[in-house]
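A quick write-up on the structure given underneath.
A short reminder: the numbers here are calculations on the coordinates, not readings from a lab. As the structure is a computational prediction, the values presented were derived from the model and not from experiment. Heads up, the Cβs are rebuilt from the backbone with ideal geometry, glycines too, and the neighbour counts pull from every protein chain shown.
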Amino acid sequence: MTQATYTGVLDLAAGAFLLAAVLVVWRRELRALVRMLAWQGAALATIPLTVGIYQADAALIVVGVVVLLLRAVVLPLLLARAVGTEDHERRESTPLVNTTTSLLITAGLTVLAYAVTRPIIALDPSPATRAVPAAFAVILIAVFVMVSRRRALSQAVGFMMLDNGIAATAFLITSGVPLIVELGASLDVLFAVLVLGLLTGQMRRTFGGTDLDQLRELRD
Amino acid sequence: MSALAVAAAALQVVGVLAGAPLVVGGMRQVRARLEGRAGGGIGQPWRDLRKQLRKQQITPRGTTVVFALAPAVVAGSTLLIAAIVPLIALGSPLESVADLFGVVGLLFLGTVALTLAGIDTGTAFGGMGSSREITIAALVEPTILLAVFALSVPGESANLAAIVSATENHPEQLVSPGSLLAFVALGIVIIAETGRLPVDNPSTHLELTMIHEAMILEYAGPKLALVEWASGMRLTVLLGLVANLFMPWGIAGADPSLLAVLIGLASITAKVVVLAGLLAAGEVFIAKLRLFRVPELLAGSFLLALLAVTASYFLGTPTS
């Protein structure tokens, strides 16, 4: 793999990663959100795979395969099972901030991410670190999704995106965390999603819906 | 600057003038065939234009010079764009001013002229159409500027010919995230700007959701012909511009030979025909977006354009 292809693939992966986050902000259908999350997982896995192949690092390739299986296949499947089958459960209810404004806020967050990561890039300018702003922007966008959405499932998607963003930042800055750390983090996320899925199902059975805004007041 | 370069620029203007109704007719024909209708044939817009140009001039009572001049302004600015942008050859006589910002400015000069004409009629439909058109234009303009800005980063110039030749020399730049995002953003705003589905439906009249048609409702006869011709030309020029920004192969150089000019003409015709056909075929499968969802779509494309700028700036150039 030449330097140019390496840079190109890495840039494309970072771009696709960020684009998936933007589409999560844009779309309202819960199934589409989960699908975007799967795409984002695939883009995330491309980063360690590319770096691993370029540096001929077997451990990094293993990490990439694990990430691909977990974040592009297993987790989206788990989340997709938690999407309700009733009609009113399949779409996000009106978000707290309307879509146009959210998209403009996302634009602002992206610029902010580029601004604050400049010192990090300046430390060690390389193709990988230059893509860090994209990963950092995903972290910020994920936090925004978590605070602006109402359904339990879209907040779970936001949480997953946050984790994807953190993982991508780690891959890009350090060109790979040790295998054991990555496995531990992945296991953590897997359990978190299992618990979230259970919780969502439980909520739907008890209250008939997963709109978190309706759970604010205590009733007897 | 050779005589052939001047001739190529003139050929561009004539080609856009003659070809625009054919492009519109071809798109209608593709739609008709895909929807199972016979269609009016590719030459139908030309026949419509001929019919309308023969009609009597009618000016609605109470309208001013704004209303009378708007069609000429739209058509004139579009023709000027056709002369500026590199469609057939790079070295047009106006190349030094062939700046993307200038092109966007000219584009919106036409939009604003039509909008003012819509208000000038004083009818409910005209004002409604104008207000909608401005709502869309306010989001479209920054998006086009940003997308263009993203494209100008690799070429290090906002000059259209410089961008096109930079892409021609380094085709690998096209698969960078910056230009892919810019392509999508530019595609969406061009659809919005030329009033195609899903933003506006070009084939309906008197619907509460129409935008472009509502503004030009009071025009009749030769003026209507001019407005429709101009909107066809805008579509053709923009399609050609996108085609050459992202697929610059076949365009003649700055100092072309006769053969190169002919190849340029053939290649731009082929590109525009393919793009228009794809656009028309895509329109069959989508419905018009609710008017209140249109700003969402445009804000999305604005965001894509912004991402394109940041991507091509930060990923493309080494930060020192």
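Roughly how many whole Å is it from the C-alpha centroid of segment B:247-307 to that of segment A:8-36?
24 Å
Can you put A:LEU75, B:LEU278 in order of Cβ neighbours within 10 angstrom, beginning with the fewest?
B:LEU278, A:LEU75
Most fluctuating residue of B:THR121, B:THR310, B:THR78 in a GNM of chain B with Cα springs under 10 Å: which is it?
B:THR310
Arrange the following residues from fewest to most other Cβ atoms within 10 Å of their Cβ: B:GLU35, A:GLU29.
Least crowded to most crowded, the residues run B:GLU35, A:GLU29.
Using a Gaussian network for chain B with springs between C-alpha atoms less than 10 Å apart, which of these wobbles most: B:VAL164, B:VAL65, B:VAL294?
Of B:VAL164, B:VAL65, B:VAL294, the most mobile in the Gaussian network model is B:VAL65.
Which of rounded, prolate, oblate describes segment B:15-100, given a ≥ b ≥ c as roots of the alpha-carbon gyration tensor eigenvalues and a/c under 1.5 marking rounded, otherwise prolate only if a/b is larger than b/c?
Since a/c reaches 1.5 but b/c is at least a/b, the shape of segment B:15-100 is classed as oblate.
So what are segment B:3-314's ellipsoid semi-axes, whole angstrom, largest first, if each one is the square root of 5 times an eigenvalue of the alpha-carbon gyration tensor?
30, 23, 19
Taking H placed 1.01 Å from N in the peptide plane, check which residues at least 5 places from A:ARG151 or on another chain put their amide H under 5 Å from its amide H.
A:SER93, A:LEU212
Dipole of chain A, Cα-centred, from +1 at each Lys and Arg C-beta and -1 at each Asp and Glu C-beta, to the nearest 20 debye?
420 debye
Take a quick pass over segment B:3-314 and tell me how many lysine pairs come in under 28 angstrom between Cα atoms, counting only ones 8 or more apart or on separate chains.
Qualifying lysine pairs in segment B:3-314: 4.
Could you work out the relative contact order of chain A, using alpha carbon pairs under 8 angstrom and six or more residues apart, expressed as a whole percent?
Across chain A, relative contact order equals 24 percent.
Can you list the GluC sites (Glu not before Pro) in segment B:125-219 that are in a DSSP coil and have 16 or fewer other beta carbons within 10 angstrom?
Answer in residue order: B:GLU156, B:GLU207.
Sequence-distant or interchain residues sharing an amide H contact under 5 Å with B:ALA252, placed H: which?
It is B:ALA89, B:LEU90, B:GLY264, by chain and number.
Under 1.5 on a/c is rounded, so check that first for segment B:1-60, then, if it is not, pick prolate when a/b is larger than b/c and oblate when it is not; a ≥ b ≥ c are the square roots of the alpha carbon gyration tensor eigenvalues.
It is oblate, given that a/c is not under 1.5 and a/b is not larger than b/c.
Under the Karplus relation 6.51 cos²θ - 1.76 cosθ + 1.60, θ = phi - 60°, what is the ordered set of whole-Hz ³J(HN,Hα) values for segment B:249-254, x standing for Gly and Pro?
Result, ordered by residue: 6, x, 6, 6, x, 5 Hz.
Take chain B, mark every one of the chymotrypsin sites (Phe, Trp or Tyr not before Pro) that falls in a DSSP loop and has at most 15 other Cβ within 10 Å, then report the longest stretch left between them, sites excluded.
Longest site-free region, per DSSP loop and neighbour criteria: B:1-248.
Looking only at B:LEU34, B:LEU49, B:LEU226, which one moves most when chain B is put into a Gaussian network model with springs between Cα atoms under 10 Å?
Greatest mean-square fluctuation among the candidates belongs to B:LEU34.
So what is the relative contact order of segment B:3-314, in percent, for Cα pairs below 8 Å that sit 6 or more residues apart?
Result for segment B:3-314 is 29 percent.
Each residue of segment A:182-194 in order: what ³J(HN,Hα) in whole Hz does its phi give by Karplus 6.51 cos²θ - 1.76 cosθ + 1.60, θ = phi - 60°, with x for Gly and Pro?
The phi angles translate into 4, 4, x, 4, 5, 4, 4, 5, 4, 5, 4, 5, 4 Hz.
Once every Cα of the protein assembly as shown carries one equal point scatterer and solvent is ignored, give the base-10 log of I(q)/I(0) from the Debye formula at q = 0.10 Å⁻¹, two decimals.
Normalising to I(0) and taking log10 leaves -0.90.
Once amide H atoms are built 1.01 Å from N in the peptide plane, which residues 5 or more positions from B:THR194, or in another chain, come under 5 Å H to H?
Residues meeting the criterion, in which the H sits 1.01 Å from N, do not exist here.
In debye, nearest 20: dipole of the protein assembly as shown around its Cα centre with unit charges on the Cβ of K, R (+) and D, E (-)?
1420 debye
Can you tell me the mean projection area, over all orientations, of the convex hull of chain A's alpha carbons? Units nm², please.
It is 12.4 nm².
Short version: ³J(HN,Hα) in whole Hz for each residue of segment B:174-187, in order, from phi by Karplus 6.51 cos²θ - 1.76 cosθ + 1.60 (θ = phi - 60°), x for Gly and Pro, what are they?
Calculated HN-Hα couplings, in order: 5, 8, 6, x, x, 6, 5, 5, 4, 4, 5, 4, 5, x Hz.
Which longest run of chain A has no exposed loop site in it, a site being trypsin sites (Lys or Arg not before Pro) in a DSSP loop with at most 13 other beta carbons within 10 Å, and the site itself not part of the run?
The longest uninterrupted stretch comes out as A:1-215.
Ranking B:HIS212, B:HIS170 by Cβ neighbours within 10 Å, fewest first, what do you get?
Least crowded to most crowded, the residues run B:HIS170, B:HIS212.
What is the distance in Å between the Cα centres of segment B:156-186 and segment B:63-112?
Answer, in whole Å: 22.
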